[in-house]
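Asks: To start, I am sharing the structure in question, which I have written as structure tokens.
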Amino acid sequence: MLHNDKLEQWDRESFFHPSTHLAEFARGNVAQRVITGGTDSHIEDRDGNRMLDAFAGLYCVNVGYGRTEIAEAIAEQARELAYYHSYVGHGTEASITLAKMVMDRAPDHMSKVYFGMSGSDANETNIKLIWYYNNILGRPEKKKIISRWRGYHGSGLMTGSLTGLELFHKKFDLPLAQVLHTEAPDYFRRANLGQTEPQFVQHCVAELEAMIAREGAGTIAAFIGEPLLGTGGIVPPPEGYWPAIQAVLDKHDILLIADEVVTGFGRLGSMFGSEHYGMKPDLITIAKGLTSAYAPLSGSIVSDKMWRVLEQGTDENGPIGHGWTYSAHPIGAAAGVANLQLIDTLGLIENAGTVGGGLNSKMRAALTDHPQVGDVRGEGMICAVEFVKDKSDRVFYDAADKIGPQIAAKLLEQSSIIARAMPQGDILGFAPPFCLTEREADQIVDATASAVKAVL
Ligand code: PLP
């Protein structure tokens with residue numbers, strides 16, 4: 001199968017690739033890459049090319065490739081019991097054990113975890129739970145959800161609406177009416193020249209307060225945000241941002257969803273990003289790092305405060321009308337259990353903090369002085385380089401300049417390293433597996449400096 005010489009032809013004839021320029025693909029202008037294997041931080045394609053995957057797939061293969069412990073757990077689960085549902089009190093050893101392991105790691109004020117399959121469906125679950133919650137509390141008008149420009153929360157109807165990137169709305173008739181977008185917490189790009197970080201945080205808070213005043217707090221149910229903006233450009237929040245936002249939400253009785261699909265289970269060098277930045281969420285979305293993508297599984301972690309109301313709701317209305325066939329799928333759950341065990345045994349969160357911290361500081365040292373590098377930023381095992389036409393006046397490139405894709409292509413061509421050109425077009429992102437070694441981190445920094453020099 002893997003050596004079938006018709007694979008490229010079948011791919012073009014039959015496969016609808018997500019997030020792909022379909023016409024350019026059909027014209028043969030998008031490289032077809034068939035990935036066949038991987039070990040630790042490296043993957044291989046069918047032509048035998050070995051590449052350092054400095055984006056861990058889609059920042060999800062956190063424990064690295066080729067982990068036999070997880071593969072064996074999946075195989076054993078498939079042999080014993082490939083599937084049973086989790087409706088009406090059913091469970092499997094794997095799903096119950098994973099629920100316990102997740103809640104042992106979650107902040108103390110959280111109560112239960114609901115399992116889905118993807119980050120998108122977990123966020124859809126969150127919005128339904130919030131609407132249900134407000135209906136049970138007798139406030140059916142409190143339904144709008146505030147998200148941020150540049151946030152990414154998925155590609156469904158509601159989650160695509162919450163996502164604050166135009167590409168995900170254009171021609172899909174999104175966003176839906178219940179969604180509002182507020183300021184992106186991006187100090188480098190959005191602050192006025194000369195504005196300090198605390199002044200910019202005050203601006204974000206003022207925008208939010210103005211939106212709440214305009215719409216009426218009685219109509220706003222929740223605020224959703226990634227602790228650190230991911231797909232929108234890998235942007236850590238400005239100092240003091242989350243406590244300031246949290247205070248506004250508390251004042252107006254607005255729930256907070258921490259979307260930890262990228263940051264959950266260690267990417268920032270701590271278990272959850274919400275704890276790291278001082279958020280007190282009512283719901284936490286988890287996905288990628290839950291299984292390190294060895295099998296699809298996601299979750300919505302629900303707070304004590306919400307849980308009490310959900311229980312009351314079922315007393316009044318009967319069983320909760322929400323469930324997926326594959327909720328808590330045993331194979332995903334078995335992968336999750338083995339993955340979280342491996343993260344503990346190998347101390348991978350500590351490694352994400354130390355090696356990732358080194359990657360960030362070395363990248364900063366190597367690139368900050370380059371005239372076309374506007375910002376180098378990150379936290380733990382995630383890092384970004386943002387390019388600008390002119391640094392002193394902060395003149396930005398247009399997406400059409402494709403600076404990010406050009407540098408990513410050069411990095412791959414010169415050094416066999418995969419980074420991600422973020423959707424804005426002028427940001428290069430790195431989010432390697434947590435098992436990255438110091439030597440590999442140095443390799444990434446040197447190779448990036450050389451690719452930047454070759455393109456700019
Ligand atoms: N939320 C965040 C923060 C994400 O980064 C993503 C995906 O990248 C999602 C939600 C959606 O997850 P999925 O692609 O598994 O649906």
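Asks: Treating the beta-carbon of each Lys and Arg as +1 and of each Asp and Glu as -1, no other charges, what is the dipole magnitude of the range 124-222 about its Cα centre, to the nearest 20 debye?
Replies: Here the range 124-222 has a charge dipole of around 220 debye.
Asks: Find the centroid of the Cα atoms in the range 59-111 and in the range 120-152, then give the distance between the two in whole Å.
Replies: When both Cα centres are located, 26 Å separates them.
Asks: Round to a whole number: what % of the accessible area of the range 312-370 belongs to carbon and sulfur, probe 1.4 Å?
Replies: Numbers: 1440 of 2650 Å².
The computed percentage sits at 54.
Asks: Let me ask another. In whole Å, what three semi-axes, largest first, describe the equivalent ellipsoid of the range 304-456 built from its Cα gyration tensor (square root of 5 times each eigenvalue)? Provide the component values of the computation, followed by the final result.
Replies: Working: eigenvalues 325, 94, 45 Å².
For the range 304-456, the ellipsoid semi-axes come out as 40, 22, 15 Å.
Asks: Grab the Cα-Cα distance for T68 and A26, subtract it from 0.36 nm times how many residues apart they are, and report the gain in nm with one decimal.
Replies: Between T68 and A26, full extension yields 11.4 nm more.
Asks: Counting Lys +1, Arg +1, Asp -1, Glu -1, what net charge surrounds A333 among other residues with beta carbon under 14 Å of its beta carbon?
Replies: -2
Asks: Nearest 500 deg cm²/dmol is fine: what mean residue ellipticity at 222 nm does the chain get from its DSSP H runs of n ≥ 4 alone, each adding -39,500 (n - 2.57), divided by its residue count?
Replies: The helix contribution divided over the chain gives -12500 deg cm²/dmol.
Asks: Let me ask something else. Please report, in whole Å, how far the alpha carbons of the chain spread along each principal axis, starting with the longest.
Replies: For the chain, the Cα extents along the three principal axes come out at 64, 61, 43 Å.
Asks: Taking a probe of 1.4 Å, how large is the accessible area per residue of the range 58-123, in Å²?
Replies: 51
Asks: Also: Using a 1.4 Å probe, how large is the accessible area of K112, given in Å² and rounded to the nearest 10?
Replies: Surface open to solvent at K112 totals about 90 Å².
Asks: If I take R0 = 45 Å and measure r between the Cβ atoms of E8 and F188 in this structure, what FRET efficiency does the formula 1/(1 + (r/R0)^6) give, to the nearest 0.05?
Replies: Efficiency at R0 = 45 Å is approximately 0.65.
Asks: Would you check the accessible area of M279, probe 1.4 Å, heavy atoms only, in square angstrom rounded to 10?
Replies: Accessible surface of M279 is approximately 20 Å².
Asks: Next question, about the same structure. Using a 1.4 Å probe, how large is the accessible area of K305, given in Å² and rounded to the nearest 10?
Replies: 90
Asks: Further question: Of all alpha-carbon pairs in the range 1-156, indicate the percentage at a distance above 29 angstrom.
Replies: Here the long-distance tail beyond 29 Å is 44 percent of all Cα pairs in the range 1-156.
The values are calculated or read from the model by the stated rules, or taken from the named source; none is laboratory data. Note that the structure is predicted; figures quoted are calculated from it, not measured. Cβ coordinates were reconstructed from backbone atoms using ideal geometry, including for glycine residues, and neighbour counts include every protein chain displayed. Protein only, heavy atoms only, side chains kept; ligands, DNA and RNA dropped before computing areas. Shrake-Rupley method; radii C 1.70, N 1.55, O 1.52, S 1.80 Å.
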